[in-house]
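Asker: Below: one structure in structure tokens.
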Amino acid sequence: MNTSELKITRMLGLILRAPSALSDYINNIRKRRRCIVLEGAVLYPISRISNNQVRESIVIGAHSRILAMLETLGHGGRIEIGSHCFLGENTRIWSAASVKIGDRVLISHGVNIHDSNSHSISAASRARHFEQIFTAGHPKILPDVPAVPIVIENDAWIGFGACILKGVTIGEGAVVGAHSVVTKDVARYTIVVGNPAHVIGLSTR
């Protein structure tokens with residue numbers, strides 16, 4: 001391929017990619033209007049921001065990288081992510097109370113972090129809730145759906161496919177193994193695995 005053909009090929013490539021690049025740019029602007037994004041943070045095209053509260057209810061710290069879905073629910077929620085964090089693809093953080101993530105936290109792909117039960121344990125209440133969502137939107141009050149804040153402290157690492165449930169604090173530097181289900185607090189600089197997660201060792205600074 002000569003120089004002219006190479007230039008034409010590159011130009012055609014740019015033209016063909018332009019609609020996708022423009023769409024990504026517009027979507028990024030829309031996502032940033034739904035949350036506070038601090039200096040140097042990146043919302044990748046695959047990321048999703050679903051904020052049913054005020055804009056300040058989702059804050060993404062400086063230089064963090066987000067491929068995940070972040071959602072505050074209709075009846076409450078706050079998500080605060082520190083600086084230099086990574087949240088992987090297909091990870092979901094759903095908040096009805098509060099999820100606070102420290103600095104330099106690594107959260108792999110496919111992780112679920114939920115600070116509430118999402119639905120009532122009453123079958124009748126669940127049916128009413130479901131009906132309301134699809135007729136009038138998410139209810140503003142769900143008194144029979146418990147929600148308790150989650151805290152993930154600095155330098156923690158959450159392995160792929162893990163599940164972090166309401167009321168849990170994961171201590172500084174702790175490691176949660178892949179596909180673990182965390183229902184209780186994890187001490188600083190410990191390693192937990194399993195369902196339910198249990199301690200198998202210590203991590204290091």
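Computed from the coordinates by the stated procedures, all read-outs in this text should not be read as laboratory data. None of the values given here were measured: they were computed from a predicted structure. Please note: Cβ atoms are built from the backbone with ideal geometry, for glycine as well, and neighbour counts cover all protein chains shown.
Asker: Just checking, how many residues over the range 177-204 are over 14 Å from Ala162 (Cα atoms) and either touching a Ser or Thr at 6+ places or on another chain (Cβ under 8 Å) or touching a residue at least 40 places away in the same chain (Cβ under 8 Å) (or both)? Quick ask: steps written out before the conclusion?
Answerer: At the first step, the residues of the range 177-204 found to be over 14 Å from Ala162 (Cα atoms) are 185, 187-190, 199-204.
Then keep just the ones that are either touching a Ser or Thr at 6+ places or on another chain (Cβ under 8 Å) or touching a residue at least 40 places away in the same chain (Cβ under 8 Å) (or both); that gives 185, 189-190, 199, 201-203.
Total satisfying the criteria: 7.
Asker: Another question, then. Give the residue, chosen from Ala124, Ala174, that is surrounded by 21 or more Cβ atoms within 10 Å (Cβ to Cβ), over 17 Å from the mean Cα position of the chain (by Cα) and without any contact (Cβ under 8 Å) to a residue 40 or more places away in the chain. Don't jump to the end; show me each part of the working.
Answerer: Numbers: Ala124 fails: surrounded by 21 or more Cβ atoms within 10 Å (Cβ to Cβ).
The conditions single out Ala174.
Asker: What number of residues within the range 132-147 are in a loop (DSSP other than H, G, I, E, B) and within 24 Å of the chain's Cα centre (by Cα)? Spell out the reasoning first.
Answerer: Here is the first cut: in the range 132-147, the residues in a loop (DSSP other than H, G, I, E, B) are 136-146.
Filter once more, so that each one left must be within 24 Å of the chain's Cα centre (by Cα): 137-142, 145-146.
Selection size over the range 132-147: 8.
Asker: In the range 80-96, how many are surrounded by 18 or more Cβ atoms within 10 Å (Cβ to Cβ) and within 24 Å of Phe130 (Cβ to Cβ)?
Answerer: Summing the residues that are surrounded by 18 or more Cβ atoms within 10 Å (Cβ to Cβ) and within 24 Å of Phe130 (Cβ to Cβ) in the range 80-96 gives 4.
Asker: Within the range 96-105, is even one residue closer than 29 Å to Gly61 by Cα and polar (S, T, N, Q)?
Answerer: Initial filter on the range 96-105 (closer than 29 Å to Gly61 by Cα): 96-105.
From what's left, polar (S, T, N, Q): 98.
Within the range 96-105 (the criterion being closer than 29 Å to Gly61 by Cα and polar (S, T, N, Q)), the answer is yes, since at least one residue qualifies.
Asker: From Lys100, Lys140, which residue is in contact (Cβ under 8 Å) with a residue 12 or more places away in the chain and over 30 Å from Gly194 (Cβ atoms)?
Answerer: Values: Lys100 fails: over 30 Å from Gly194 (Cβ atoms).
Answer to the selection: Lys140.
Asker: In the range 148-171, what count of residues is obtained for those that are assigned to a strand (DSSP E or B) and either surrounded by 21 or more Cβ atoms within 10 Å (Cβ to Cβ) or in contact with a Ser or Thr (Cβ under 9 Å, 6 or more places away or on another chain) (or both)? Explain how you work it out, then say what you get.
Answerer: Of the residues in the range 148-171, the ones assigned to a strand (DSSP E or B) are 150-152, 157-158, 163-164, 169-170.
Remaining after also requiring either surrounded by 21 or more Cβ atoms within 10 Å (Cβ to Cβ) or in contact with a Ser or Thr (Cβ under 9 Å, 6 or more places away or on another chain) (or both): 150-152, 157-158, 163-164, 170.
So the count comes out to 8.
Asker: Quick one: in the range 71-82, of everything that is more than 14 Å from the chain's Cα centre (by Cα) and among the small types (Gly, Ala, Ser), which residue is nearest to Ile113 (Cα to Cα)? Give the steps one after another, and end with the answer.
Answerer: Taking the range 71-82 as the starting set, the residues that turn out to be more than 14 Å from the chain's Cα centre (by Cα) are 74-76.
Within this subset, residues satisfying the condition of being among the small types (Gly, Ala, Ser) are 74, 76.
Numbers: Gly74: 17, Gly76: 15 Å.
Across the range 71-82, the extreme among qualifying residues is Gly76.
Asker: Now for a different question. Would you mind telling me which numbered condition in (1) polar (S, T, N, Q); (2) out of contact with any strand residue (DSSP E or B) (no Cβ under 6 Å at 6 or more places or on another chain); (3) surrounded by 17 or more Cβ atoms within 10 Å (Cβ to Cβ) Thr190 fails?
Answerer: In the conditions (1) polar (S, T, N, Q); (2) out of contact with any strand residue (DSSP E or B) (no Cβ under 6 Å at 6 or more places or on another chain); (3) surrounded by 17 or more Cβ atoms within 10 Å (Cβ to Cβ), Thr190 misses (2) alone.
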